[in-house]
Every structure is written in structure tokens, then in C-alpha cells.
Amino acid sequence: MIIPVVVIGGVVVAVRRQAKVTRSFSVEEQEEDARVYAESTKAMEVTVAEALAEKARDPRLASMSNEDLVYEVLKDCYDPEIPLNVVDLGLIYEVRAATDSVDIKMSVTSPACPSGAVIAEDIKTKLPTRVFRIPKCRL
């Protein structure tokens, strides 16, 4: 009977100590954080837009096939665990680009790869989702 009381007392003491250390943000501080986040998001969007505009001015893109253009987009998609893009990693096996869809045959770095969903989402954000299909990967 004494052990549960000691354990509960220890938990209460630990929670009180943590409450003294953990800081609560005021409404003003939360609003300031939200404002800074919104400004940094806008700055990032402008930077990304400038980079995409610079890439779009590349004269080589005009002579590329649709598949090659998709490969160029895929070179900007990275495995979050490895600092290499999915094309250089050899994860992309085939790209078929039609006027209304893009089919990508790809794999992940290992059968139990936890980043597979993250990589697929990254690809979907960089390619129009309405024309993007990724078949189930077979390893």
C-alpha cells in the first residue's frame, strides 16, 4: 500500500516541477508567433516562385519531351533520409506522360522504408495532383 502512494507522490512532484519549467505563452506571444510564421511562409513562397521562374526560363526545357520534363521535376524531390533526389537514387523506373495523366513507376529505398509516403507526397505537390497517379510499388 505504501509503494503506490510513494509512486503517486513522485509523479505529482515531477508534474509540479515540470510546470515551473515549462513556459506558457500569452495570447500576444501566440499572435506574434503566428505573424512571424505567416511572414516566413510568404518569404519562402516568393523564393520558391523565383526559383521556379528561373528554371522556367531555361532554354533547354523548350526542346524536352513531357517525360523529360517530369524527370526534371522529380530531380527536385528528395528522400528525407538521404540527401539525394529520387532520380539519382534510382527510385524512378519509368515515367509515362500523357496529356491528361502522368504515370510514374517507382520504388522506395527498402521494403520497410518509412519515407515512402513522404516521397510520394513530395512528388504529388510538385506535379499537378489531378494528373498524377503512382501505381503500387512492387519490391
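Highest average first, the peptides 112-120, 28-36 ordered by how many other beta carbon atoms sit within 10 Å of their residues are 112-120, 28-36. Share of pairwise Cα-Cα distances greater than 23 Å in the range 1-138 is 58 percent (whole percent). Net charge dipole, the chain: roughly 620 debye, given to the nearest 20, about the Cα centre with Cβ charges of +1 for Lys and Arg and -1 for Asp and Glu. A P(r) calculated from all alpha carbon pairs of the range 18-79, with 10 Å bins opening at zero, reads 17, 27, 20, 16, 13, 7, 1 percent. Surface composition of the range 32-125: carbon plus sulfur atoms hold 58% of the accessible area, using a 1.4 angstrom probe and ignoring ligands, DNA and RNA.
Computing Rg and the Kirkwood Rh from the Cα coordinates of the range 69-121 gives a ratio, Rg/Rh, of 0.96.
The values are calculated or read from the model by the stated rules, or taken from the named source; none is laboratory data. Because the structure is a prediction, the values reported are computed rather than measured. Glycine also receives a Cβ, built like all others from the backbone with ideal geometry; neighbour counts cover every protein chain displayed. The protein model used for the area step is the full one, side chains on, heavy atoms only, and it has no ligands, DNA or RNA in it. Shrake-Rupley method; radii C 1.70, N 1.55, O 1.52, S 1.80 Å.
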